[in-house]
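Q: Can you keep this structure in mind? I'll have questions shortly.
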C-alpha cells in the first residue's frame, strides 16, 4: 500500500500513533462522505465553510456559483486544505482529561485550478452528485448549457494528506480503574431515514435503485 | 431577538435568504454539537482540523496540549473562525444543478486569548466535557494539578457570526416537474447507540443519569 509523503504540513504531531498517511485508508475516509470543511484566507482572516465534494482518483472537485468568494479565493491562492471528519463515538473516561472521541478524520492538501475542459467539468459535476448518492447522476435530467456555464468547478489535485483514526475504548489512568466512576463509549452513527418523494413527482415514477441502495446501506429504517 | 452585526466577514452572499445573524438561532446550532472545524495559517497555507469545543455565553473554548500547533497559532494570530455543521438531509432534485442538502451551518468569528485565570480555565474544561454530554463533568474524578497544567485552553470571544439553514424539500425548475425523474429528500440523522460500559468498571458502578439522558435524547436504540 502506498503512502503520502510526510512533511511539515501533514505530519501528525499529537497522537501520532493514530496517524496514517496511507492512500487507501485516506481514500476510504473520503469515500465515506461527501461533505468537507474548506478553509481560505480573506483579508488576513481564515474562513472555514462546509462544502460538498466530488472525487476522481486523487483529485477532489468543489463547485459553486461563478462568483463564489471561497472558490475564487482558492483558485487565486493556488492551494486548498479540505478536512473530512466522521464521528464514530464519544469516549467517556473517568477523568475529563482522558475524554476523547472515536473518529476518522482526513486532512487533504492540494493545488487548485479552475476546471475549464468541458469533459473534465462535466465528469466533476457527475462526481459531486455520485459522491452524495452513488450512481445517482445517470437517473437525472441532463444538465443544460445554462446550468453548466453558470457553475464554477475547482479541482484540488492532492499533493499530500494525512488522517487520524481513533477506534477504541476508554484509556484511563491505571489508578483510576477502581474508582466508583462510570466509563464507557457511546457509539455515534449517521443514518439515513426512508426517502420522502417530492409531492409533485408523477405517481408512475418509481424511486430509483441508487436511492433505494443508499437508504438500505445507510439506514436502520428500511424502505 | 438580538443579532450579530453584518460585515464583509460574516455576510452570507450566496443563498442569502437562508442566512441568519440571529444570536439565539446561532447559539442553537452550536448547542446541538460539540465538534467544530477550525482553520489556521501555517507557513502561508490554511490548515483545517476538527476540534471539540466548550461554550460559555458568547465565548467558545478549545483545548489541547501545551504545544498544539493549531492552538498556539490561534493565540498568536489573535483570531479564529469556527465552522459548526449539522447535516439534516440529502435533497435530490430532478437535475444535478438543483441538488442540495438540508443543514444547519454556523460560522463563528472571534478574537483569541490563552486562558490563564484558574477559575475560567477550569470552567472552560468543564464546558468542553458538558458540551459533549450535558451535566457529565460532575460525575467524573476531579482534574488533578498535573492534568490541569499540561492543558492549553484557548478562548474565542465571539465578535460576529452567521449561519445558513436549509430545511425544505426539492426546488426544481417548473418545466422539469412532469419529467419521469424521481425527486425527494433523504433525511439524515446523527444518532447515539446504547452506551458500552468499559470492561474494567467495577460492577456496582451504575451508568450516570447524564449518560442515560444523552442516549435517550439522541438515540433510536433505547437503553
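The values are calculated or read from the model by the stated rules, or taken from the named source; none is laboratory data. Note that the structure is predicted; figures quoted are calculated from it, not measured. Here Cβ is always computed from backbone atoms with ideal geometry, including for glycine, and neighbour counts include all displayed protein chains.
Q: Failed condition for residue A:19, given (1) closer than 30 Å to residue B:97 by Cα; (2) touching a residue at least 40 places away in the same chain (Cβ under 8 Å); (3) crowded, with 16+ Cβ neighbours inside 10 Å, with all others met?
A: Every condition holds for residue A:19 apart from (1).
Q: Further, regarding this structure: For the condition closer than 30 Å to residue B:81 by Cβ, modelled with pLDDT under 95 and more than 11 Å from chain A (Cβ to nearest Cβ), what is the one hit in B:217, B:189?
A: Of the residues listed, the single one that is closer than 30 Å to residue B:81 by Cβ, modelled with pLDDT under 95 and more than 11 Å from chain A (Cβ to nearest Cβ) is B:217.
Q: Another question about this same structure. Name the single residue, out of those in the range A:149-165 being over 16 Å from residue A:22 (Cβ atoms) and in contact with a helix residue (DSSP H, G or I) (Cβ under 6 Å, 6 or more places away or on another chain), that is surrounded by the fewest Cβ atoms within 10 Å (Cβ to Cβ).
A: If we take residues in the range A:149-165 being over 16 Å from residue A:22 (Cβ atoms) and in contact with a helix residue (DSSP H, G or I) (Cβ under 6 Å, 6 or more places away or on another chain), then A:152 is surrounded by the fewest Cβ atoms within 10 Å (Cβ to Cβ).
Q: Would you mention how many residues in the range A:133-172 are touching a strand residue (DSSP E or B) at 6+ places or on another chain (Cβ under 6 Å), outside any loop (DSSP other than H, G, I, E, B) and touching a residue at least 40 places away in the same chain (Cβ under 8 Å)?
A: So the count comes out to 16.
Q: Touching a helix residue (DSSP H, G or I) at 6+ places or on another chain (Cβ under 6 Å) and either surrounded by 22 or more Cβ atoms within 10 Å (Cβ to Cβ) or not assigned by TED's automatic domain parsing to the domain that holds residue B:146 (or both): does that describe residue B:54?
A: Criteria met by residue B:54.
Q: Run residue B:115 past the list (1) touching a strand residue (DSSP E or B) at 6+ places or on another chain (Cβ under 7 Å); (2) surrounded by 21 or more Cβ atoms within 10 Å (Cβ to Cβ); (3) within 9 Å of another protein chain (Cβ to nearest Cβ) and report the number of the one that doesn't hold.
A: (3)
Q: A further question follows. Any residue in the range B:26-50 that's more than 9 Å from chain A (Cβ to nearest Cβ): show its pairings with residues that are in a loop (DSSP other than H, G, I, E, B) and buried (at least 17 other Cβ atoms within 10 Å of the Cβ) at Cβ separation under 6 Å, as long as the two are six or more apart or on different chains.
A: Between residues of the range B:26-50 that are more than 9 Å from chain A (Cβ to nearest Cβ) and residues that are in a loop (DSSP other than H, G, I, E, B) and buried (at least 17 other Cβ atoms within 10 Å of the Cβ), there is no close pair.
Q: For the range A:86-100, how many residues meet the condition of being more than 7 Å from chain B (Cβ to nearest Cβ) and touching a helix residue (DSSP H, G or I) at 6+ places or on another chain (Cβ under 9 Å)?
A: 4
Q: Now for a different question. So residue A:206 fits all but one of (1) assigned to a loop (DSSP other than H, G, I, E, B); (2) without any contact (Cβ under 8 Å) to a residue 60 or more places away in the chain; (3) more than 10 Å from chain B (Cβ to nearest Cβ); what number is the exception?
A: Of the numbered conditions (1) assigned to a loop (DSSP other than H, G, I, E, B); (2) without any contact (Cβ under 8 Å) to a residue 60 or more places away in the chain; (3) more than 10 Å from chain B (Cβ to nearest Cβ), the odd one out for residue A:206 is (3).
Q: Shifting gears a bit: Of all residues in the range B:53-63, count the ones that are touching a strand residue (DSSP E or B) at 6+ places or on another chain (Cβ under 6 Å) and in a strand (DSSP E or B).
A: The total comes to 6.
Q: Yes or no: residue B:77 within 24 Å of residue A:82 (Cβ to Cβ), assigned by TED's automatic domain parsing to the domain that holds residue B:147, surrounded by fewer than 21 Cβ atoms within 10 Å (Cβ to Cβ) and touching a strand residue (DSSP E or B) at 6+ places or on another chain (Cβ under 8 Å)?
A: Considered against the rule, which asks whether it is within 24 Å of residue A:82 (Cβ to Cβ), assigned by TED's automatic domain parsing to the domain that holds residue B:147, surrounded by fewer than 21 Cβ atoms within 10 Å (Cβ to Cβ) and touching a strand residue (DSSP E or B) at 6+ places or on another chain (Cβ under 8 Å), residue B:77 comes out as yes.
Q: If you don't mind, another one. Answer yes or no as to whether residue A:85 is in contact with a strand residue (DSSP E or B) (Cβ under 7 Å, 6 or more places away or on another chain) and either within 25 Å of residue A:40 (Cα to Cα) or in a helix (DSSP H, G or I) (or both).
A: So residue A:85 fits the description; yes.
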